[in-house]
Amino acid sequence: MLIKRLLQSCSTCANNDILSNLAPKSHLIQFLAGNANRGLVGNNVLVRFNSSFSFSGGAGRDLSKIERDVDKIAERISGSSNIVVMAGAGLSTASGIPDFRSPNTGIYDNLSKFNLPYPEAIFEIEYFKNNPKPFNTWAKEFFPGVNYLPNKGHYFIKLLENEGKLTKYYTQNVDGLDRLVGFKDEGIVEAHGTFNTASCVECKKSYPVEELKEKLLQDKTPTCPDCKGNIKPDLVFFGEALPKRFFDEAEIDCLFADLLICIGTSLEVYPFAGIADAPRHDTPRLLINYDLVGSFGARPADCALLGDIEHSIDSICNKLNWNDKLKQMQTQNEEKLKIYK
Ligand code: CNA
């Protein structure tokens, strides 16, 4: 939809170039970069859309029209070499990290002790400036490298990269588990930020992340030595801008993708969720999630494995004969992680 909109706003010449695949990639990059602040992924601050208002939910979803045969899905993966993966909190629930919205286990259902005015307030910048305690308590538990290990889902995405099939991995997660399976800067866009750096929310001065971690683990509230503003890790809160790389790279990666895989997200948080709609209309899209989300089911080449993510990954790997490779990667990496602990 975004690409269509871009094509409509593009000159006839460039439009024809794109459609006939003759446009040099550099020309497209320039064109898209100039338009990056428009369109579905173009709202550059983090917002949550209620699904009833979302661009993509609702009409057009039809489970009977979605390919769900794992043999066919494995064939698509096998035949693809420019895969874009987008992931959300559901990818990490098998590691023990709760997502936002799952009933009973999700973070939003377990916030009553903080007396928040509404659940999302815990990740809202204006709320944090006045009351950092709820977020700091959450961050103490989920600081990367403290309590949790990557699971099969993370290793599967890394295996796609090792097999030369992955264009890029876009994640909303801030738990750092992707880094623990070996993703380096060039292969991953952490669209909602990272725990690797920290800064003052008022004067923006950077703050040593080890010091932040130490204070949070001791239940202290770190403040800026200069202006006394509250310190937070550089995660993107609701109301804050996403990193520039997200806008520079997501649309172009999706335009050239031959498969989009969407794992463990409710597709309710924008602009990240817009990635799902950014590939060409006939580009295959695979959803791996408990439930049908976003616009999945509305396009001709949509497919889905609905159910537990690790179970779905097992069945794909079975078909691709990747189970041994994945197991070996996991075992070797976990040995390494033990050494570094
Ligand atoms: P969400 O809105 O909570 O959606 C998660 C989705 O995953 C839902 O559709 C669930 O049904 C599905 N799901 C959960 N577990 C499984 C499973 N085992 N198998 C199959 N499906 C499953 O989370 P989103 O990521 O869509 O929301 C975006 C927010 C959440 C981003 O801003 C993240 O930064 C934020 N978040 C991140 C983490 C993390 O880093 N691990 C944890 C919690 C929240």
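The values are calculated or read from the model by the stated rules, or taken from the named source; none is laboratory data. For clarity, every value in this text was computed on a predicted model and none was experimentally measured. Quick reminder, even Gly has a Cβ in these numbers, built from the backbone with ideal geometry, and neighbours come from all protein chains shown. Accessible surface is based on the protein model in full, side chains and every heavy atom, while ligands, DNA and RNA are left aside. Shrake-Rupley method; radii C 1.70, N 1.55, O 1.52, S 1.80 Å.
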Work out, step by step, the length gained on full extension between His281 and Asp248: first 0.36 nm times the residue separation, then minus their alpha carbon distance; give nm to one decimal. 9.8 nm
Keeping to pairs on different chains or 8 or more places apart, tell me how many lysine pairs in the stretch 210-280 have Cα atoms under 24 Å apart. 7
Please give me, ordered by residue number, the GluC sites (Glu not before Pro) of the stretch 138-229 that lie in loop per DSSP and have at most 16 other Cβ atoms within 10 Å. Glu163, Glu202
Top to bottom by accessible area (1.4 Å), largest first, where do Asp185, Asp324 land? Asp324, Asp185
Förster radius 25 Å - calculated FRET efficiency between Asn104 and Gln218, Cβ distance, rounded to 0.05: 0.25
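Can you figure out the FRET efficiency of Lys133 with Lys336, using R₀ = 45 Å and their beta-carbon distance, to the nearest 0.05?
Approximately 0.80, to the nearest 0.05.
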From the Cα centre of the stretch 100-134 to that of the stretch 183-215, the distance in Å is 20 Å
Put Lys65, Lys133 in order of accessible area, largest first, probe 1.4 Å, and you get Lys65, Lys133
Identify all aspartates and glutamates with a Cα-Cα distance to Lys205 below 17 Å; exclude those on the same chain that are fewer than 8 residues away in sequence. Asp226, Asp234, Glu240
Relative packing of 113-124, 258-269, which averages over residues the other C-beta atoms within 10 Å, highest first: 258-269, 113-124
